[in-house]
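Here is the structure we will look at, set down as structure tokens.
The values are calculated or read from the model by the stated rules, or taken from the named source; none is laboratory data. Model, not experiment: these values are computed from the prediction. Cβ: placed from backbone, ideal geometry, glycine included. Neighbour counts: every protein chain shown. With ligands, DNA and RNA removed, areas are computed over all heavy atoms of the protein, side chains included. Shrake-Rupley method; radii C 1.70, N 1.55, O 1.52, S 1.80 Å.
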Amino acid sequence: RRVLFRSRLAKLVNELLMLTKLDQKIKLEMKNENIKEIVEEVYPQLQILAGERIINLELKDNLLVKANRNQIKQIIYNLVQNALQHTDEKNGVVSISLNSIDRPSGSFMVLKIKDNGSGIPEKDLNEIFDRFFRSDNHRSRKSGGYGLGLSIVKSIVDAHHGEINVWSELNKGTSFSIFIRLVE
């Protein structure tokens, strides 16, 4: 029990340190990155986390964005871990898709992480990126963290001058879409 407590405390401290660094807007090392390669690099770890759940990949290649590789990994890891926590242990399905979209303001990569889980109540959608926010139906220790994962994701997306959108329906699932400008 003490080991579990230390592990949870270490995770909390690490998440708070990451948020502090993001808040300070420390200059990140940004390179042209092929997002498909990053997803494929973290995929084996995600499969271990998934247990019996299924993780589907639908990844378009050669979508280059100016990004910090480790932070993109963190986005993927946090969103997939969240999705897995809120999907059924046997029938859970998480999809990771990567595509591009043209908007009036330019061309963007779209990274979408979608699940068939419990969903997020509509009243909570505006608060899910707030630090320490946890929806009423996600407050149990079994399924809940400290409410920092999505605020970390939002801070990283902001640091990449990107945008994150969420769609959710109770008992149907949740979908996060991240938009980052493609390298021309």
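Given the conditions (1) open to solvent by less than 40 Å² (accessible area, probe 1.4 Å); (2) at pLDDT below 90; (3) out of contact with any strand residue (DSSP E or B) (no Cβ under 6 Å at 6 or more places or on another chain), and given that Ile120 satisfies all but one, which numbered condition is not satisfied?
In the conditions (1) open to solvent by less than 40 Å² (accessible area, probe 1.4 Å); (2) at pLDDT below 90; (3) out of contact with any strand residue (DSSP E or B) (no Cβ under 6 Å at 6 or more places or on another chain), Ile120 misses (3) alone.
Listed here are the residues, each with its yes/no results for (1) open to solvent by 80 Å² or more (accessible area, probe 1.4 Å); (2) at pLDDT 95 or above; (3) out of contact with any Pro (no Cβ under 8 Å at 6 or more places or on another chain); (4) under 16 Å from Lys154 (Cα atoms).
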position	(1), (2), (3), (4)
Leu4	yes, no, yes, no
Ala10	no, no, yes, no
Glu15	no, no, yes, yes
Met18	no, no, yes, yes
Glu33	no, yes, yes, no
Tyr43	no, yes, yes, no
Leu49	no, no, yes, no
Arg53	no, yes, yes, no
Asn56	no, yes, yes, no
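Within segment 77-108, take every residue that is open to solvent by less than 20 Å² (accessible area, probe 1.4 Å) and of a type in the set (S, T, N, Q) and give me the one that is nearest to Val39 (Cα to Cα).
Here the answer is Asn78.
What residue, among those in segment 72-101 that are charged (D, E, K, R) and more than 14 Å from Ile178 (Cα to Cα), is farthest from the chain's Cα centre (by Cα)? First the steps, then the outcome.
So in segment 72-101, the residues charged (D, E, K, R) come out as 73, 88-90.
This time we only want the ones that are more than 14 Å from Ile178 (Cα to Cα), so: 88-90.
Details: Asp88: 18, Glu89: 19, Lys90: 21 Å.
Taking the candidates together, the pick is Lys90.
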